[in-house]
1. Can you say whether R126 is among the basic types (K, R), crowded, with 16+ Cβ neighbours inside 10 Å and under 19 Å from E174 (Cα atoms), as far as the supplied structure shows?
2. Could you tell me whether any residue of the stretch 121-129 is at pLDDT 95 or above and in contact with a helix residue (DSSP H, G or I) (Cβ under 6 Å, 6 or more places away or on another chain)?
3. Tally time: how many residues in the stretch 168-180 are free of Cβ contacts under 8 Å to residues at least 60 places away in the same chain and assigned to a helix (DSSP H, G or I)?
4. Condition first: under 23 Å from L178 (Cα atoms) and of a type in the set (K, R). Can you find one or more residues in the stretch 78-87 that meet it?
5. From the list D86, D94, D80, exactly one residue is touching a Leu at 6+ places or on another chain (Cβ under 6 Å), among the acidic types (D, E) and surrounded by fewer than 20 Cβ atoms within 10 Å (Cβ to Cβ). Which is it?
6. Do we find that H183 is under 17 Å from the mean Cα position of the chain (by Cα) and surrounded by fewer than 16 Cβ atoms within 10 Å (Cβ to Cβ) in this structure?
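The values are calculated or read from the model by the stated rules, or taken from the named source; none is laboratory data. If you're wondering where the values come from, they're calculated on a predicted model, not measured in any experiment. Please note: Cβ atoms are built from the backbone with ideal geometry, for glycine as well, and neighbour counts cover all protein chains shown.
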Amino acid sequence: MPELKQRIARQFSRAATMYDRFADIQADIAFDALSLLPGCDGTLLDIGCGTSRYAKQLLSKCSHMLGVDLAYGMLSQARDSVSNADWICADAEDLPLAAQSVNGVFSSMALQWCSSAEQAMLECARVMRPGARGTLAIMSAGSFTELHKCRQMIDGQLLGNRFFDSQHWHSAAEKAGLRTASHTRAYTSWHPDILSLLNSIRHIGASTLTQTDHRPLNRRSLLRLEHEYEQHFAKNGRLPLTYNVTFLQVIKNHE
């Protein structure tokens, strides 16, 4: 496994026991994605299943559920809480599954960690049976806009990761042979101060930087970051953090 993927897996594994307590906005996104997911006969694959907080809803849409996640710690939580499903520790870009082996796919807030949208969509299409459908909710460009802008104001750097845009994911899915419909929606969480805002990312394991050109924040730059945030984005004394989410609904054509 590449070193970056190892770091991502370690971060999410460390956060596994506290993930469900802090991942409120992620829950909102997942439930919206679930509302778009059609039922299927047979196996439903949950890519990036995490703690499988939504297993009950997923199991109601299929006869068998298979959860895949990069982080073993997340899968341990899933196994402890859900007994009537199967779990595999694996990378979404290299699924250890046979071709045409699943009847449906679901993913929420996981595929943005993939290095290649094209490879992720090729793997998704490969394991889907003809006629299989899926819903994929993916964090995309435009996310954490406030954080990026404030960091650039203080030292010209971006703070956080860069995400593929909605069109990139849409094109990658279509190139993989999937019929695709997509839309994008913004979700915003609100925080009393900059530490609370940054911890909302860190506590769920999502603070791994996929670029290596970032300088860490020291106490002085953290105070400046909070000042810029308050000056430009605060409302009623609270700081916003926006998640821009692309919802892909995919169908694999009959051959």
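1. Values: among the basic types (K, R): yes; crowded, with 16+ Cβ neighbours inside 10 Å: yes; under 19 Å from E174 (Cα atoms): yes.
Against the criterion (among the basic types (K, R), crowded, with 16+ Cβ neighbours inside 10 Å and under 19 Å from E174 (Cα atoms)), R126 qualifies.
2. At the first step, the residues of the stretch 121-129 found to be at pLDDT 95 or above are 121-129.
Next, only the ones that are in contact with a helix residue (DSSP H, G or I) (Cβ under 6 Å, 6 or more places away or on another chain) stay: 121.
For the stretch 121-129, residues at pLDDT 95 or above and in contact with a helix residue (DSSP H, G or I) (Cβ under 6 Å, 6 or more places away or on another chain): present.
3. Counting residues in the stretch 168-180 that are free of Cβ contacts under 8 Å to residues at least 60 places away in the same chain and assigned to a helix (DSSP H, G or I) gives 5.
4. no
5. Values: D94 fails: touching a Leu at 6+ places or on another chain (Cβ under 6 Å); D80 fails: touching a Leu at 6+ places or on another chain (Cβ under 6 Å).
Result: D86 is the single residue among D86, D94, D80 that is touching a Leu at 6+ places or on another chain (Cβ under 6 Å), among the acidic types (D, E) and surrounded by fewer than 20 Cβ atoms within 10 Å (Cβ to Cβ).
6. On the way: under 17 Å from the mean Cα position of the chain (by Cα): yes; surrounded by fewer than 16 Cβ atoms within 10 Å (Cβ to Cβ): yes.
So H183 passes the test.
Each row is one residue, and each column tells you yes or no for (1) buried (at least 21 other Cβ atoms within 10 Å of the Cβ); (2) within 14 Å of W87 (Cβ to Cβ); (3) among the aromatic types (F, W, Y); (4) in contact with a Pro (Cβ under 7 Å, 6 or more places away or on another chain).
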{"site": "K5", "(1), (2), (3), (4)": "no, no, no, no"}
{"site": "A15", "(1), (2), (3), (4)": "yes, no, no, no"}
{"site": "Y19", "(1), (2), (3), (4)": "yes, no, yes, no"}
{"site": "Q26", "(1), (2), (3), (4)": "yes, no, no, no"}
{"site": "P38", "(1), (2), (3), (4)": "no, no, no, no"}
{"site": "L44", "(1), (2), (3), (4)": "yes, yes, no, no"}
{"site": "I47", "(1), (2), (3), (4)": "yes, yes, no, no"}
{"site": "L58", "(1), (2), (3), (4)": "yes, yes, no, no"}
{"site": "K61", "(1), (2), (3), (4)": "no, no, no, no"}
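Okay, residues lined up against (1) at pLDDT 95 or above; (2) over 25 Å from I201 (Cβ atoms):
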{"site": "D20", "(1), (2)": "no, no"}
{"site": "L44", "(1), (2)": "yes, yes"}
{"site": "L59", "(1), (2)": "yes, yes"}
{"site": "D69", "(1), (2)": "yes, no"}
{"site": "R79", "(1), (2)": "no, yes"}
